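Accompanying notes for the structure given below.
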């Protein structure tokens, strides 16, 4: 595993065939054929491409993940995000265009894309069986 430790700053393109963990700062594109982890202190300013990614830090640029993308509550992403499977913890921040990597051609209505800026918040608890759901305020 390649590790860019906290306090380390890398300028230029990072390419790896195995796993990479970034706890420092990368100013440039990151391409990882394996798994990528960006820790809470990690930052990437550039395009990121990985087979899978687990992000707790900052990404300022486009993020393309071929398989699973996990955004922890401290994740802060700005840019285009493309993924096959997405898991987002409460509190993660996403600003930009987000789209699911289509196995089939996208629907005619373009329903797979959205443009948003949000902080993920918890959903109201589901009513118990036999209780009526409360209307939204």
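The values are calculated or read from the model by the stated rules, or taken from the named source; none is laboratory data. All values reported here derive from a predicted model rather than from experimental measurement. As a convention, Cβ positions derive from the backbone with ideal geometry for all residues, glycine included, and neighbour counts pool all protein chains shown.
Results for (1) modelled with pLDDT of 95 or more; (2) more than 28 Å from residue 3 (Cα to Cα); (3) part of a strand (DSSP E or B), shown as yes or no for each residue.
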{"site": "51", "(1), (2), (3)": "yes, no, yes"}
{"site": "70", "(1), (2), (3)": "yes, no, yes"}
{"site": "74", "(1), (2), (3)": "yes, no, no"}
{"site": "98", "(1), (2), (3)": "no, no, yes"}
{"site": "104", "(1), (2), (3)": "no, yes, no"}
{"site": "111", "(1), (2), (3)": "no, yes, no"}
{"site": "116", "(1), (2), (3)": "no, yes, yes"}
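List every residue pair whose Cβ atoms lie under 7 Å apart, where the two residues are 6 or more positions apart in sequence or sit on different chains, the first residue falls within segment 1-23 and is at positive phi and surrounded by 12 or more Cβ atoms within 10 Å (Cβ to Cβ), and the second residue, located anywhere, is at pLDDT 95 or above and part of a strand (DSSP E or B).
Taking only residues 6 or more apart or on different chains, not a single pair turns up.
Of the residues in segment 40-49, how many are within 11 Å of residue 20 (Cβ to Cβ) and outside any strand (DSSP E or B)?
Count: 1.
Can you tell which of 33, 90 is surrounded by fewer than 21 Cβ atoms within 10 Å (Cβ to Cβ) and touching a strand residue (DSSP E or B) at 6+ places or on another chain (Cβ under 7 Å)?
33
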